[in-house]
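Inspection log for the structure reproduced underneath, given as structure tokens.
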Amino acid sequence: MFVFEDMLLIPTEGIKEVLARVDRKLLTLALKGTSERLKEHFFQCMSQRGAEMLREDLEALGPVKIKEVEAAQQQIIAIVRQLEAEGVLSIRGTVGEQYVV
């Protein structure tokens, strides 16, 4: 099962595709309350100015209901799945695979 934190497993090129399709307000809401590591993963895939603006938006957002954050994350996950269906990126083999030796 793909969860929002699994976005860390998507390479830079894939995150750039996601960023191209996601509204910035939706992304800001989805990143609220996530790990700093995940936020940095997104920031690294953006222009310096874009990352700076997103940081400012996150700080200005204030308290948000968890269900709103989760709904935004689910919308972005749906976009990731759509990109996968189109063959633009692949999340197979990156999420929760376990091997028996």
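The values are calculated or read from the model by the stated rules, or taken from the named source; none is laboratory data. Since the model is a prediction, treat every value here as computed from it, not as a measurement. Every residue, glycine as well, gets a Cβ built from its backbone with ideal geometry; the counts of neighbours run over all protein chains shown. Keep in mind that these areas ignore ligands, DNA and RNA; they rest on the heavy atoms of the full protein, side chains included. Shrake-Rupley method; radii C 1.70, N 1.55, O 1.52, S 1.80 Å.
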Task: Those lysines that a straight Cα-Cα span of less than 17 Å connects to LYS16, excepting residues fewer than 8 apart in one chain - done: LYS25, LYS39
TODO: With a 1.4 Å probe and every protein chain kept in, tell me what percent of the accessible surface of the chain is carbon plus sulfur.
DONE: 51
Open item on the list: Could you report the chain's accessible area per residue, 1.4 Å probe, as an integer in Å²?
Closed with: 65
Task: Magnitude of the charge dipole, the chain, Cβ model with Lys/Arg +1 and Asp/Glu -1, debye to 20 - done: 160
Task: Relative packing of peptides 28-40, 55-67 - highest average C-beta neighbours within 10 Å first - done: 28-40, 55-67
TODO: State, as an integer percentage, the relative contact order of the chain based on alpha-carbon contacts under 8 Å between residues 6 or more apart.
DONE: 45
